[in-house]
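Here is the structure we will look at, set down as structure tokens.
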Amino acid sequence: MTTARSIRLAARPKGLATLKDLSLTEDPIPVPGPGQFLVRVIWLSLDPYMRGRMDDAKSYAKPVDIGDIMQGGCVGEVLASHHPHYARGEIVTGAFGWTTHAVSDGEGVRKLDPRLAPVSTALGVLGMPGITAWVGLNDIAAAKPGETIVVSAATGAVGGLVGQLAKAKGMTVMGLAGGADKCAYACEVLGYDHCLDHRAAPDARTLGARIAEVAPQGVDVYFENVGGKSLSAVLPRMNVHGRVALCGMIAWYGGQNLDEALPLPLVWRTVLTRRLGVQGFIIFDHFHRFPDFLKEVGPMVADGRIVVREDVTDGIENAPVAFLRMLEGGNFGKTLVRVGPDP
Ligand SMILES: NC(=O)c1ccc[n+]([C@@H]2O[C@H](COP(=O)([O-])OP(=O)(O)OC[C@H]3O[C@@H](n4cnc5c(N)ncnc54)[C@H](OP(=O)(O)O)[C@@H]3O)[C@@H](O)[C@H]2O)c1
């Protein structure tokens, strides 16, 4: 192969992102300079945050410029190196972007040991989504055995691990997921006590009534991944001194579903009168916890106590379709693109 194929931001989305906002380009494979190495990308992670990077809006991270390669976490193989610490053949993970080949100076790159776990897990359960689940549950929500937790996007990259860790902690665990298949999987495979199909509920009131039926004791912790109808259904069911780990709000990322929001005065009154702890968190602030996270969750993945599900699409050219599908809930497990063969 002599050309690198990449997906670039072609236009800023107006509302929901579309295929026209992303374009495939071919360029010569980059040549590593002194202190750099060349990586062949094997796995590309597709994550909801990437939708935010397409907007030119003030946020916690700089947006992608029009014409630039979309940002993204990857696993790859070093093909050539002028870097003292990276050798040809090593498997590494880093933010190489939506591309087949990239050069790196090693900043933010970590070596992987393929003997410990399939290398793709470095982008999911043992990577950014995994530590997000673990930090959100333990450090942000301070979840305790015996409590009741609701997890939205319950079978996804983050939610799927939150539910399993909460169960292992001795909590009563309820999931909210899109569709009967995901709900069955949550209960039968991931060990959730209950899972409700939010797409089957016509509105937040109906979904909230179902939550009250299966959890009459109320909700102590809400692991919030979506906003929208789910948030409006769960918030009124929170117990006094409950905690909301505000991780994401994917239902609103394209500016859609705003009519599903509760009025702000009602939200505020609920937070006040129930004395709720609501904490938003961005995982970049918590990466110092990575060694502790890996120490606890790594063995659970290795011995099968944690079930891992990946939703794999082949070929960098198919990344845009897989990404848009994930934003609408079409993924089932951690969304990955297999960009090249995994040795
Ligand atoms: N704060 C942080 O640092 C941080 C880090 C990582 C991720 N996150 C956030 O965590 C959330 C989950 O991320 P992930 O990587 O684990 O993705 P994911 O759950 O694997 O995939 C996204 C899921 O969101 C759900 N969804 C999409 N639109 C929805 C809607 N309108 N209503 C309800 N659910 C909807 C779908 O699940 P269903 O089909 O089950 O509805 C979809 O499968 C996202 O909001 C993401 O931005 C935050």
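The values are calculated or read from the model by the stated rules, or taken from the named source; none is laboratory data. Since the structure is predicted, the reported quantities are computational estimates derived from the model, not experimental observations. Cβ atoms come from the backbone with ideal geometry, glycine included; neighbour counts cover every protein chain shown. Side chains are part of the model used for accessible areas, which takes the heavy atoms of the whole protein and leaves out ligands, DNA and RNA. Shrake-Rupley method; radii C 1.70, N 1.55, O 1.52, S 1.80 Å.
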Mean separation of Cα pairs under 8 Å and 6+ residues apart, divided by the residue count of the stretch 65-129: what relative contact order is that in percent? 29
Could you please tell me the mean projected area of the C-alpha convex hull for the chain, averaged over all directions and given in square nanometres to one decimal? 16.9
The size of the Cβ-based charge dipole (Lys, Arg +1; Asp, Glu -1) of the stretch 152-300 about the Cα centre, to the nearest 20 debye, is 360
Roughly speaking, what is the centre-to-centre gap between the stretch 160-189 and the stretch 228-307 when only Cα atoms are used, to the nearest Å? 15
Kindly write out, for the stretch 22-30 in residue order, the coupling ³J(HN,Hα) from the Karplus curve 6.51 cos²θ - 1.76 cosθ + 1.60 (θ = phi - 60°), rounded to whole Hz, with x marking Gly and Pro. 10, 9, 8, 10, 10, 9, x, 4, x
Length-normalised contact order for the chain - Cα pairs under 8 Å, 6+ apart - percent: 17
If DNA, RNA and ligands are ignored and the probe is 1.4 Å, what is the ranking of Phe96, Phe284 by accessible area, most exposed first? Phe284, Phe96
For the chain, take the longest principal axis of its alpha carbons; what is the angle in degrees between that and the long axis of helix 264-273, to the nearest 10 within 0 to 90? 70
Would you mind checking Lys111/Lys334; Lys58/Lys182; Lys62/Lys169; Lys14/Lys62 for any pair whose Cα atoms are more than 30 angstrom apart? Lys58/Lys182; Lys62/Lys169
Per-residue accessible area, 1.4 Å probe, largest first, puts Cys183, Cys247 in the order Cys247, Cys183
Given a cut-off of under 8 Å on Cα pairs at least six residues apart, what relative contact order in percent is computed for the stretch 221-343? 20
Any idea what angle helix 290-302 forms with the longest principal axis of the chain, computed on alpha-carbon atoms, 0 to 90 degrees, nearest 10? 90
Give the long-range amide H neighbours of Phe281: residues separated by 5 or more places, or on another chain, with amide H under 5 Å away, using H modelled in the peptide plane at 1.01 Å from N. Leu246
Angle in degrees between helix 157-168 and the longest Cα principal axis of the chain, rounded to the nearest 10: 50
Any chance you could look up the accessible area of Val240 with a 1.4 Å probe, heavy atoms only, rounded to 10 Å²? 70
If you restrict to DSSP beta bridges whose two residues both lie in the chain, what percentage is antiparallel, to the nearest 5? 55
Taking Cβ-Cβ under 4.7 Å as the only way to count a partner, pick out the unpartnered cysteines of the chain. Cys74, Cys187, Cys247
Sort Lys229, Lys62, Lys20 by heavy-atom solvent-accessible area, probe 1.4 angstrom, most to least. Lys20, Lys62, Lys229
List every residue whose amide H lies under 5 Å from the amide H of Asp311, counting only residues 5 or more places away in sequence or on a different chain, with H placed 1.01 Å from N in the peptide plane. Lys334, Thr335, Leu336
Taking θ = phi - 60°, what integer Hz values does the Karplus form 6.51 cos²θ - 1.76 cosθ + 1.60 yield along the stretch 74-87, in sequence order, with x for Gly and Pro? 9, 10, x, 10, 6, 9, 8, 9, 10, 10, x, 9, 10, 10
Prolate/oblate/rounded label for the stretch 128-283 (Cα gyration tensor, a/c 1.5): rounded
Span from the the stretch 10-25 Cα centroid across to the the stretch 33-105 one, whole angstrom: 20
Evaluate Rg over Rh across the stretch 264-327, taking Cα atoms for both radii and Kirkwood's formula for Rh. 1.16
Report, to the nearest whole %, how much of the accessible area of the chain belongs to carbon and sulfur atoms, 1.4 Å probe, protein only. 56
Output ³J(HN,Hα) for the stretch 309-322: one whole-Hz value per residue in order, computed from phi by the Karplus curve 6.51 cos²θ - 1.76 cosθ + 1.60 with θ = phi - 60°, and x for Gly and Pro. 10, 10, 10, 9, 10, 9, x, 4, 5, 9, 4, x, 5, 5
Tell me what the chain gives for mean residue ellipticity at 222 nm when only DSSP H runs of n ≥ 4 count, each as -39,500 (n - 2.57), the sum divided by the residue total, rounded to 500 deg cm²/dmol. -7000 deg cm²/dmol
